[in-house]
Amino acid sequence: MFVSGGVVDYDAAKNAVYKYFTVSNVYLEAGVLTFEVLDGDIKERFKKCLSELKTIGCLATARRENDVIKLRIFPHSRPPKNDLRIPLILGIITLATVTIDGVLRSSSRVFSILVPGFGFADVLSNGLLFSLALLGIIFIHEMGHKLSAKVDGVSASLPYFIPGFPGVIPTLGAVIFQKEPLANRDDMFDIGASGPVAGFLVAVAVTIIAFETAVWVPVDQYRNVLEAVAREGTFVQPPLLFNLVAMLYNKTGYVPFFMTVGFAAWLGMVVTALNLMPIWQLDGGRIFRSFLSPRQHMIASYIALGFLVIAGYYFMAILLILMMGRNVDIPPLDDVSPLSFWRKVSLIGLAAMFALSFVPMIRIF
């Protein structure tokens, strides 16, 4: 519940609630100051009241019980300020692991075959561009969450990058920690969608850079390139967005072979699509929970896990299943107000974003 020990200033809390709501009854319920309100649409009033309650060290919840809306007041301490040291250290380590990974990938003989004179300086610059592109996508993704939290008046941590292993998985992404509960379903939707949307926009920009730096290979020679790639590593399927961007270049008879930055764009698309899945540990979990009941959300989560298995994301599906053992539903403070109409409409855009970004590990279509 994100609440901490403390004492509620009953008089100040009553003044705040009476300022924004029509109260029919007020009493202590199990020691908790409780108001029954007559207002039907409480969304905006609740947010304003909540903002005022925070100034006196309180939070409120709104629940509908037996057709009665009840506001309950709880003590709440202001979250501590962010500590820059650990995020900075993790960021530097992750920059190193990703850059080393980019240099290793850029050292493939395939590049020297396709680009005559591809030397050590090219390997370094290619690896650094990969690192900046991938970390840029991840960083903007997380800052999308943080900016949304700031707009909604919710305290959140700085991004914590998670270093990986060069040559295998250079980074496990990044995470920010929400320090306070969300006011309503709109805020839950916004903080869930903001990261994937921000990351997707940067991934699109990185995709364009990938095409601008790609080597365009004649179709009749492309099979030889694929054979060389197979000897050096793994060929991955491109997302639909790559195919659409390729149409803009109008190079009939040629196929783009991407520098390492193309892999960064591919990873950005994968991260975007997977984060939109309606599983509670992912961003999509918040998006779907904003308009689904806890039971409906659980069903959607298991359907999504089945889809991941079919698509070849076995390890991720297993990891998420193990984490689901401690699934805790955390509803917004205002669990009465529904998700706004235009946010429901915007689900169409998120679905399109998923379709453009998703990349199956095995062919499922």
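The values are calculated or read from the model by the stated rules, or taken from the named source; none is laboratory data. A quick note: this is a predicted structure, and the numbers were derived from the prediction, not measured. Backbone-built Cβ (ideal geometry, glycine too); neighbour counts: all protein chains shown.
When Gly312 is tested against the conditions (1) within 28 Å of Phe242 (Cα to Cα); (2) in contact with a Pro (Cβ under 7 Å, 6 or more places away or on another chain); (3) buried (at least 18 other Cβ atoms within 10 Å of the Cβ), the lone failure is (3).
Every residue in segment 101-153 that is among the acidic types (Asp, Glu), closer than 14 Å to Val261 by Cβ and crowded, with 17+ Cβ neighbours inside 10 Å, please. Within segment 101-153, Asp101 is the sole residue that qualifies.
Checking Ile208, Ile138 one by one, the residue that is within 30 Å of Tyr249 (Cβ to Cβ) and either in contact with an Asp or Glu (Cβ under 7 Å, 6 or more places away or on another chain) or touching a residue at least 40 places away in the same chain (Cβ under 8 Å) (or both) is Ile138 and no other. For segment 304-331, a tally of residues being within 26 Å of Trp342 (Cβ to Cβ) and either more than 19 Å from the chain's Cα centre (by Cα) or among the basic types (Lys, Arg) (or both) returns 0. When residues in segment 128-174 are screened for being within 21 Å of Ser106 (Cα to Cα) and of a type in the set (A, V, I, L, M), 11 of them pass. Exactly one residue out of Ala156, Ala96 is within 25 Å of the chain's Cα centre (by Cα) and crowded, with 21+ Cβ neighbours inside 10 Å: that is Ala156.
Taking the criterion of being loosely packed, with under 11 Cβ neighbours inside 10 Å and either outside the structural domain of Ala198 (by TED's automatic domain parsing) or modelled with pLDDT under 95 (or both), the residues of segment 343-365 that qualify are Ile362, Arg363, Ile364, Phe365. It is to be established whether one or more residues within segment 136-146 are in the same structural domain as Gly268 (by TED's automatic domain parsing) and over 23 Å from Val270 (Cβ atoms). No: zero hits.
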